[in-house]
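Some notes on the structure that comes next.
The values are calculated or read from the model by the stated rules, or taken from the named source; none is laboratory data. Model, not experiment: these values are computed from the prediction. No Cβ is skipped: glycine too gets one built from the backbone with ideal geometry, and neighbour counts run over all protein chains shown. Quick note on the areas: whole protein, heavy atoms, side chains included, nothing else; ligands and nucleic acids left out. Shrake-Rupley method; radii C 1.70, N 1.55, O 1.52, S 1.80 Å.
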Amino acid sequence: MGRYSLVTDEDRAKYAPELVGQGHVIVTDGEKFWVVKHKPGLVDIEKRESLGYLLGHKFSNVAEVRLLDQEEHRQVRTLAGKGEDSLLSNTFLVRLGGSYSVAELPCQTVEKAVVTELVYSTWIRRRDAHADNRVYVNETPVFFDHHVAFLGEPEQANIITFFNPQPASYGHAGAWRIIERQDGITTLEARTGNKAHHYVRDQNSCRRQIEDAKIDLISSLEDGWEYAINKAGFVDSKRDEMAAFLKRNLETLNDDIKMMQQIIFQP
């Protein structure tokens with residue numbers, strides 16, 4: 001890997017206007033732009049974030065996650081002004097969503113992008129599929145943040161709990177809604193409205209694409225998920241627990257998606 005440097009104010013305004021003045025540290029390796037994520041106190045967060053990308057990037061518009069080696073961490077920690085609590089296990093990079101081009105994305109229509117995000121999030125129990133964890137590239141959403149997925153909140157493994165129709169906040173799956181909007185939406189607009197809403201031009205198109213999204217997800221996993229679990233850094237009993245969790249959720253995916261549909265198309 002090359003050396004990292006802080007992005008310019010011009011690049012920040014161009015690729016992440018929603019983060020101007022928000023204090024996020026953004027770096028570049030000369031090719032891509034990355035948000036520095038520093039999450040002390042959360043066990044295995046870097047592994048869950050990495051696994052979210054590894055399993056989803058062929059199928060859905062999930063932002064790339066990069067784990068750091070010792071030298072990269074030293075560079076990034078210095079640039080970000082982090083102290084001794086910044087460790088390899090809690091500091092990582094997420095590619096800046098606004099720096100993608102639509103041509104780089106596997107889902108290039110808003111309907112397909114929304115449906116695949118929600119089907120994928122249901123499988124991995126990522127409840128917080130809301131506007132703060134999503135940006136729009138020419139109206140097409142790119143999503144990120146998997147720290148509560150993959151048993152980050154073990155109670156969410158239960159699909160009844162996951163799709164509680166009386167959600168505690170917009171950050172819970174029971175609040176997910178697909179809303180028709182004929183004009184496009186920006187990241188800033190989405191974050192100032194109802195953050196649980198996923199905006200599309202054609203709701204019926206989303207209904208028709210759900211079964212295809214499920215098939216595409218399963219197809220993307222034909223090589224299994226053990227490699228991704230290992231690459232993300234899970235070992236021993238944690239690796240076995242994660243494999244069993246994903247297998248169990250795949251076996252119930254048909255019924256889980258039916259429950260999802262009862263939620264997302266409500267007014």
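Residues that are in contact with a Ser or Thr (Cβ under 7 Å, 6 or more places away or on another chain) and at pLDDT 95 or above occur at least once in the stretch 199-213.
Checked against (1) at pLDDT below 95; (2) among the polar types (S, T, N, Q); (3) closer than 28 Å to E153 by Cβ, S237 passes all but a single condition, namely (1).
Grab the helices (runs of 4 or more DSSP H) fully contained in the stretch 225-267, keeping just those with 2 or more residues being of a type in the set (K, R).
Result: 236-251.
Could you tell me whether the stretch 218-240 includes any residue that is in contact with a Phe, Trp or Tyr (Cβ under 8 Å, 6 or more places away or on another chain) and open to solvent by less than 30 Å² (accessible area, probe 1.4 Å)? Within the stretch 218-240, none of the residues are in contact with a Phe, Trp or Tyr (Cβ under 8 Å, 6 or more places away or on another chain) and open to solvent by less than 30 Å² (accessible area, probe 1.4 Å). The number of residues in the stretch 145-183 being in contact with a Leu (Cβ under 9 Å, 6 or more places away or on another chain) and closer than 27 Å to D202 by Cα comes to 3.
Condition first: closer than 17 Å to S205 by Cβ and either open to solvent by 10 Å² or more (accessible area, probe 1.4 Å) or of a type in the set (F, W, Y) (or both). Now tell me which residues in the stretch 107-132 satisfy that. First the steps, then the outcome.
Residues of the stretch 107-132 that are closer than 17 Å to S205 by Cβ, as a first pass: 107-119.
Listed by number, the residues that qualify are Q108, T109, V110, E111, K112.
(1) open to solvent by 50 Å² or more (accessible area, probe 1.4 Å); (2) over 18 Å from H38 (Cα atoms): which one isn't true of K82, the others all being true? Result: K82 fails condition (2) only. Among the residues making up the stretch 171-206, those that are touching a helix residue (DSSP H, G or I) at 6+ places or on another chain (Cβ under 8 Å), assigned to a helix (DSSP H, G or I) and open to solvent by 40 Å² or more (accessible area, probe 1.4 Å) are L188, R191.
The conditions of being touching a residue at least 12 places away in the same chain (Cβ under 8 Å) and either surrounded by 13 or more Cβ atoms within 10 Å (Cβ to Cβ) or closer than 27 Å to Y136 by Cα (or both) are met by N249.
Matching residues to (1) in a loop (DSSP other than H, G, I, E, B); (2) of a type outside the set (D, E); (3) surrounded by fewer than 20 Cβ atoms within 10 Å (Cβ to Cβ); (4) over 18 Å from the mean Cα position of the chain (by Cα):
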{"residue": "H24", "(1), (2), (3), (4)": "yes, yes, yes, no"}
{"residue": "V27", "(1), (2), (3), (4)": "no, yes, no, yes"}
{"residue": "K37", "(1), (2), (3), (4)": "no, yes, no, no"}
{"residue": "P40", "(1), (2), (3), (4)": "yes, yes, yes, yes"}
{"residue": "R48", "(1), (2), (3), (4)": "no, yes, no, no"}
{"residue": "G52", "(1), (2), (3), (4)": "no, yes, no, no"}
{"residue": "S60", "(1), (2), (3), (4)": "yes, yes, no, no"}
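Within the set V110, V148, V119, the sole residue that is modelled with pLDDT of 95 or more, β-branched (V, I, T) and touching a strand residue (DSSP E or B) at 6+ places or on another chain (Cβ under 7 Å) turns out to be V110. Inspect the stretch 23-37 for any residue being without any contact (Cβ under 8 Å) to a residue 60 or more places away in the chain and under 21 Å from G233 (Cα atoms) and give the result as yes or no. Yes, that holds for at least one residue.
Could you please give the count of residues in the stretch 142-152 that are over 17 Å from L217 (Cβ atoms) and either crowded, with 24+ Cβ neighbours inside 10 Å or under 11 Å from the mean Cα position of the chain (by Cα) (or both)? Please lay out each step first, then the result.
Residues of the stretch 142-152 over 17 Å from L217 (Cβ atoms): 142, 144-145, 147-148, 151-152.
Subsequent filtering for residues that are either crowded, with 24+ Cβ neighbours inside 10 Å or under 11 Å from the mean Cα position of the chain (by Cα) (or both) retains 142, 144-145, 147-148.
Residues that pass the stated criteria total 5.
Note on the stretch 75-104: residues that are more than 29 Å from P141 (Cα to Cα) and either touching a strand residue (DSSP E or B) at 6+ places or on another chain (Cβ under 6 Å) or of a type in the set (D, E) (or both) amount to 4.
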